[in-house]
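Enquirer: Here you go, one structure.
The values are calculated or read from the model by the stated rules, or taken from the named source; none is laboratory data. In this text the structure is predicted, and so the values were computed from the model without any measurement. Cβ atoms come from the backbone with ideal geometry, glycine included; neighbour counts cover every protein chain shown.
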Amino acid sequence: DIQMTQSPSSLSASVGDRVTITCRASQSISSYLNWYQQKPGKAPKLLIYAASSLQSGVPSRFSGSGSGTDFTLTISSLQPEDFATYYCQQSYSTSVSFGQGTKVEIK
Amino acid sequence: EVQLVESGGGLVQPGRSLRLSCTASGFTFGDYAMSWVRQAPGKGLEWVGFIRSKAYGGTTEYAASVKGRFTISRDDSKSIAYLQMNSLKTEDTAVYYCTRGEDSSVGSPPNWFDPWGQGTLVTVSS
């Protein structure tokens, strides 16, 4: 099975900061990598699919990059509503897997 | 509006069974894969399994932790996906989310999961 490892597990940043979350796969997954945002008590929401494509309706301050084993989710200017936990997910293998999550707290 | 609504959660004793339903609206249900993802209290997301659309074989895949105990099925005429859970364990306690997946190719998992239902809580306890 493919293991997905996110770093950091949590971070604290100020409004307006540039935030970067990384996700590493235990083997190459090409660009079969998606990012989700989950706010407390809510269902996850798709942000980025196929490593770098922005889902419709998602603010342009969110972007994704990477291929192979290393991927990045960037929030260019953190907003108060971005307080959430972010998960990466690989869709390369039929045994789908998620990263453990990165909790973003607003300073 | 695309909508997914889960139902059927509740309190169940270890070893017993429970069936969850996911009722879809706002899209052509039969054109999509359907997946279940769970989240134990205070924990991260864990993929449970998915069922492909009939155009891609209608086949199923499961996580190792539930294989042989859980079964996913679908009724395209009613736009409902099911998760039959047998031999439940305390570690199956979680919020169970239903989510739509876009089939990519035969034998492959859905490309991504969007949207998600609001979730239904399953508590396995004596």
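Enquirer: Would region A:70-77 turn up any residue that is of a type outside the set (S, T, N, Q), on the phi > 0 side of the Ramachandran plot and more than 10 Å from the chain's Cα centre (by Cα)? Give the derivation first.
Expert: Kept after step one, since they are of a type outside the set (S, T, N, Q), are these residues of region A:70-77: A:70-71, A:73, A:75.
Within this subset, residues satisfying the condition of being on the phi > 0 side of the Ramachandran plot are none.
Checked region A:70-77: no residue is of a type outside the set (S, T, N, Q), on the phi > 0 side of the Ramachandran plot and more than 10 Å from the chain's Cα centre (by Cα).
Enquirer: Something else about it: From the list B:R19, B:R74, which residue is more than 11 Å from every other protein chain (Cβ to nearest Cβ), in contact with a strand residue (DSSP E or B) (Cβ under 7 Å, 6 or more places away or on another chain) and either exposed (fewer than 14 other Cβ atoms within 10 Å of the Cβ) or among the β-branched types (V, I, T) (or both)?
Expert: Values: B:R74 fails: either exposed (fewer than 14 other Cβ atoms within 10 Å of the Cβ) or among the β-branched types (V, I, T) (or both).
Among B:R19, B:R74, only B:R19 is more than 11 Å from every other protein chain (Cβ to nearest Cβ), in contact with a strand residue (DSSP E or B) (Cβ under 7 Å, 6 or more places away or on another chain) and either exposed (fewer than 14 other Cβ atoms within 10 Å of the Cβ) or among the β-branched types (V, I, T) (or both).
Enquirer: Please enumerate the residues belonging to region B:5-16 that are under 15 Å from the mean Cα position of the chain (by Cα) and within 19 Å of B:T71 (Cβ to Cβ).
Expert: At the first step, the residues of region B:5-16 found to be under 15 Å from the mean Cα position of the chain (by Cα) are B:5-9.
Hits for region B:5-16 are B:E6, B:S7, B:G8, B:G9.
Enquirer: Being of a type in the set (G, A, S), surrounded by fewer than 17 Cβ atoms within 10 Å (Cβ to Cβ) and at pLDDT 95 or above narrows it down to one residue among B:G107, B:G44; which is it?
Expert: Within the list B:G107, B:G44, the selection yields B:G44.
Enquirer: Do the conditions hold for B:S25, that is, is it surrounded by fewer than 21 Cβ atoms within 10 Å (Cβ to Cβ) and closer than 30 Å to A:S9 by Cα?
Expert: On the way: surrounded by fewer than 21 Cβ atoms within 10 Å (Cβ to Cβ): yes; closer than 30 Å to A:S9 by Cα: no.
Criteria not met by B:S25.
Enquirer: In region A:47-67, which residue that is surrounded by 22 or more Cβ atoms within 10 Å (Cβ to Cβ) and out of contact with any Ser or Thr (no Cβ under 8 Å at 6 or more places or on another chain) is farthest from A:Q89 (Cα to Cα)?
Expert: Here the answer is A:L47.
So that you can scan it fast, the table gives a plain yes or no per residue for (1) within 13 Å of B:C98 (Cβ to Cβ); (2) among the aromatic types (F, W, Y); (3) within 11 Å of the chain's Cα centre (by Cα):
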{"residue": "B:S25", "(1), (2), (3)": "yes, no, no"}
{"residue": "B:F29", "(1), (2), (3)": "yes, yes, no"}
{"residue": "B:A33", "(1), (2), (3)": "yes, no, yes"}
{"residue": "B:V37", "(1), (2), (3)": "yes, no, yes"}
{"residue": "B:V48", "(1), (2), (3)": "yes, no, yes"}
{"residue": "B:I51", "(1), (2), (3)": "yes, no, yes"}
{"residue": "B:A55", "(1), (2), (3)": "no, no, no"}
{"residue": "B:G58", "(1), (2), (3)": "no, no, no"}
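Enquirer: Next up: Is at least one residue of region A:37-57 of a type in the set (K, R) and farther than 25 Å from A:Q3 by Cβ?
Expert: Going residue by residue through region A:37-57, those that are of a type in the set (K, R) are A:39, A:42, A:45.
Next, from what is left, pick out any that are farther than 25 Å from A:Q3 by Cβ: A:39, A:42.
Yes, because at least one residue in region A:37-57 is of a type in the set (K, R) and farther than 25 Å from A:Q3 by Cβ.
Enquirer: Still on this structure: Scanning for something surrounded by 15 or more Cβ atoms within 10 Å (Cβ to Cβ), within 13 Å of another protein chain (Cβ to nearest Cβ), within 22 Å of A:C88 (Cα to Cα) and of a type in the set (D, E, K, R), does region B:1-8 turn up at least one residue?
Expert: The answer is no; no qualifying residue exists.
Enquirer: To continue, here is another question. Kindly state which strands (runs of 3 or more DSSP E) lie completely within region B:30-126 and contain at least 1 residues that are under 20 Å from A:S93 (Cα atoms).
Expert: Numbers: elements: B:33-39, B:45-51, B:60-62, B:70-75, B:80-85, B:94-101, B:113-116, B:120-124.
So the answer is B:33-39, B:45-51, B:60-62, B:70-75, B:94-101, B:113-116.
Enquirer: Are there any strands (runs of 3 or more DSSP E) wholly within chain A with 2 or more residues that are more than 14 Å from chain B (Cβ to nearest Cβ), and if so which?
Expert: Details: elements: A:4-7, A:10-13, A:19-25, A:33-38, A:45-49, A:62-67, A:70-75, A:84-90, A:102-106.
Because the criterion is at least 2 residues that are more than 14 Å from chain B (Cβ to nearest Cβ), the strands (runs of 3 or more DSSP E) in chain A that meet it are A:10-13, A:19-25, A:62-67, A:70-75, A:102-106.
Enquirer: Can you find, within region B:106-126, the residue that is nearest to the other protein chains (Cβ to nearest Cβ) among those that are of a type in the set (A, V, I, L, M, F, W, C) and either touching a residue at least 24 places away in the same chain (Cβ under 8 Å) or within 19 Å of B:S73 (Cα to Cα) (or both)?
Expert: Let us first name the residues in region B:106-126 that are of a type in the set (A, V, I, L, M, F, W, C), namely B:106, B:112-113, B:116, B:121-122, B:124.
Filter once more, keeping what is either touching a residue at least 24 places away in the same chain (Cβ under 8 Å) or within 19 Å of B:S73 (Cα to Cα) (or both): B:106, B:113, B:116, B:121-122, B:124.
Details: B:V106: 11, B:F113: 7, B:W116: 4, B:L121: 12, B:V122: 15, B:V124: 21 Å.
Result: B:W116.
Enquirer: Please state which one of B:D76, B:D103, B:D92 is under 20 Å from A:L33 (Cβ atoms), of a type outside the set (G, A, S) and touching a residue at least 12 places away in the same chain (Cβ under 8 Å). Talk me through it step by step, then tell me what you get.
Expert: Working: B:D76 fails: under 20 Å from A:L33 (Cβ atoms); B:D92 fails: under 20 Å from A:L33 (Cβ atoms).
Result of the check over B:D76, B:D103, B:D92: B:D103.
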